[in-house]
Amino acid sequence: MAALCEAFTLCGLGPTGGVGLGSGLLALEPGADPDHVLLTDRGRTATLFKVSDQKPLGCWSVKHGQIITCPVVCNFETHEYIAVHDNKVLRIWKDKDVNLDKVFKATLSAEVYRIHSLPHAEPLVLFRGGGVRTLDVLLEAPQQEIENVISDEVIKHHLFALTDSSNSVYKVLIPLQQNSEEEEQTLSKSLLLNLSISGSVLKGTSFVVLDKDHVAVLGSLAASECLTIWNTKFQTLQASKELPLGTSGQLWCYGEKFFFTHGKVLTVVIYKCETSSLAAAVGKLKDSQTSDLSSFVNWNTLGDEELLVSCQSQQSVALKSESKMMVILKPMPCTSELHGISHFQDASTAAVEDELRQLLSKAQRPDFQAAIGCVISALINRCKADPMFYPRNFLVQMIQKRELSYSLCPDLMAVALEKKDVHLLQICLQRFPDIPEEITYACLKVFLSISDDYLERTDVDLESVISYIDIEPNNKEVKTEVVENGFSTELEEDGCDVTGMKETHMMDSVEFCPVGPQKAALLNAVLHSAYSETFLLPHLKDLPAQQAVLFLRYLHYLYVKCSEKINTTLPGVLSPTISQIMDWMCLLLDAHFTVMVMLPEAKRLLSSMHKFVRAQVRFYSELNKIEGSLQELQRIKCQKDSQAYSIEVLELI
């Protein structure tokens with residue numbers, strides 16, 4: 001039995017896709033960790049992704065004018081990465097390296113075609129002339145001469161010929177012994193799989209062997225492309241997924257995950273294969289996990305006919321007909337519980353929410369999570385078509401109670417941004433692990449642009465701020481009491497205009513939170529969201545200067561609040577950590593430093609931040625001076641008998 005499970009977007013591939021793959025994807029290779037993959041574009045960049053989080057862990061680029069000419073691979077023995085640019089220049093680096101100009105470099109004597117790397121084996125370097133060297137042998141003498149096995153005059157490899165094949169998968173055995181008298185040998189073949197579905201032929205562009213009984217084929221059926229899993233033992237289609245946006249024809253498979261381009265994104269589909277049996281092949285295995293979303297909900301009545309066609313095309317039923325097996329595509333009938341929701345297309349928001357809530361409370365399905373994502377996507381599609389329709393309460397409930405992700409319902413946050421539904425956006429930022437940096441930035445910009453007066457009338461979760469912000473009624477300032485870790489910045493006057501600072505105390509003093517509690521809670525949700533600095537920074541540069549200053553003032557306030565705690569931890573649920581606060585401060589300063597030094601209010605803020613950080617550095621420097629004495633006291637205490645009573649006076653020098 002085989003099935004296609006969850007699908008999600010790993011990254012974009014267009015010019016604004018976020019990973020620099022605007023020139024197209026050259027290859028995808030496994031990383032040292034089973035959850036890591038290494039993407040190489042057709043230009044200058046290689047990116048390491050953690051698949052489960054849909055987040056990049058590292059991104060490396062060669063200089064302008066240079067080009068990566070073969071896929072970047074991982075050396076599984078040393079956990080290093082190997083790249084070749086401009087055909088002959090070899091680069092080797094580790095995760096911690098940032099600049100490829102400063103990593104190991106070797107210029108080779110011949111052009112490299114491909115580097116092959118497998119676990120528990122030394123990487124092999126294949127040259128365009130056909131020569132092969134192990135990496136360690138090549139690095140001993142990078143300029144060593146590489147023989148040309150292939151040339152214009154003679155081909156030294158064995159030649160094999162295949163008879164014409166079409167629309168089928170064949171198994172061909174290649175002999176290890178070659179008859180030297182024959183210049184070319186025709187190979188025999190045996191039919192492995194006939195790619196025929198209900199009379200239509202699946203024209204495959206690439207396929208992957210999954211195990212001894214299953215293969216995956218990426219190809220086109222009629223006018224659309226699809227990903228399919230076949231059982232070669234019983235000649236049956238086990239699962240299929242329609243790909244209406246088209247693919248590049250490339251299919252990669254690592255760690256029970258398919259990777260392929262779909263439109264302008266790189267898509268990941270999780271699959272599973274189990275022991276092959278006749279019952280599983282014909283879809284009769286008990287507790288079958290085969291996806292059947294059309295039996296979960298009547299997509300047509302949700303006003304999304306395209307989704308209905310897409311989901312129905314994924315349903316396959318294998319039937320035994322006389323003496324042979326055949327596969328047909330057939331939509332499954334809806335269950336009796338769904339006949340009462342035929343008015344979804346025109347029903348009110350409240351009616352839709354009530355009936356969906358009842359339906360989901362009864363549903364017990366193996367693919368329940370994916371089905372919820374499809375339900376939400378269908379509702380969002382109706383929201384786009386009908387501005388008056390917005391089942392907000394149902395959406396909030398689903399996000400709070402279910403383990404959803406951005407990739408399962410990618411248009412949800414876009415609609416929430418359009419409607420400025422800050423509460424829904426707050427929940428998504430707190431719970432979705434795979435939000436693109438562009439969407440995170442859009443949420444930040446919306447939160448900063450909405451007035452505190454408007455937010456006071458809005459439902460916002462204040463759990464992340466209620467424990468450390470003192471809320472005063474009828475006062476737009478939120479006052480707190482701050483003690484800066486036992487020292488005062490008044491002592492740090494050298495070179496600073498303290499008088500000017502006092503005059504602007506109400507503006508820049510950290511005794512006042514610069515935003516209201518609702519806006520503070522929303523900004524905390526942004527701080528909680530995962531991101532990659534490389535891909536968020538370009539968006540932050542577009543943040544208006546006044547909003548950037550306000551956000552920096554709030555980050556400064558949080559930084560001081562953390563510093564007054566011994567463990568530098570803010571109380572409350574989902575409160576930002578000191579690391580998150582500092583990372584965002586650095587990121588915001590990197591994006592807007594030039595502008596901020598020109599704004600008078602920002603210059604005063606930067607001066608205040610500088611004084612506070614400098615005072616902290618001096619404070620911790622003093623602590624470091626007595627660290628040795630404190631350790632000695634601890635050692636003496638452990639050595640002495642704790643039961644004896646004594647008074648000792650120790651002098652710290």
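The values are calculated or read from the model by the stated rules, or taken from the named source; none is laboratory data. Note that the structure is predicted; figures quoted are calculated from it, not measured. Positions of Cβ are backbone-derived with ideal geometry, glycine not excepted, and every protein chain shown enters the neighbour counts. Ligands, DNA and RNA are excluded from the accessible area calculation, which covers all protein heavy atoms including side chains. Shrake-Rupley method; radii C 1.70, N 1.55, O 1.52, S 1.80 Å.
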What's the FRET efficiency of residue 256 with residue 649 using the Cβ-Cβ distance as r and R₀ = 41 Å, to the nearest 0.05? 0.05
Where the accessible area of the stretch 540-601 is counted over protein heavy atoms with a 1.4 Å probe, how much of it, in %, is carbon and sulfur? 62 percent
For the stretch 31-140, what is one quarter of the convex hull surface built on the Cα atoms, given in nm²? 6.8 nm²
Taking the Cα centre as origin and putting +1 on Lys and Arg beta-carbons and -1 on Asp and Glu beta-carbons, what dipole magnitude results for the stretch 31-140, to the nearest 20 debye? 420 debye
Hey, can you find the accessible area per residue of the stretch 567-622 for me, probe 1.4 Å, expressed in square angstrom? 51 Å²
For the table 96/603; 519/541; 94/625; 50/420; 55/541, the rows whose alpha-carbon distance is greater than 24 Å are 96/603; 94/625; 50/420
Please give the FRET efficiency for residue 166 paired with residue 67, using the beta carbon to beta carbon distance and R0 = 35 Å, rounded to the nearest 0.05. 0.45
In the stretch 31-140, carbon and sulfur make up what percent of the accessible area (probe 1.4 Å)? 51 percent
Roll a 1.4 Å probe over the protein chains and send me the accessible area per residue for the stretch 31-140 in Å². 45 Å²
Can you compute the label reach from residue 77? Point 7 Å from Cα along the Cβ direction, backbone N cut-off under 19 Å, restricted to the stretch 116-133. 116-127, 132-133
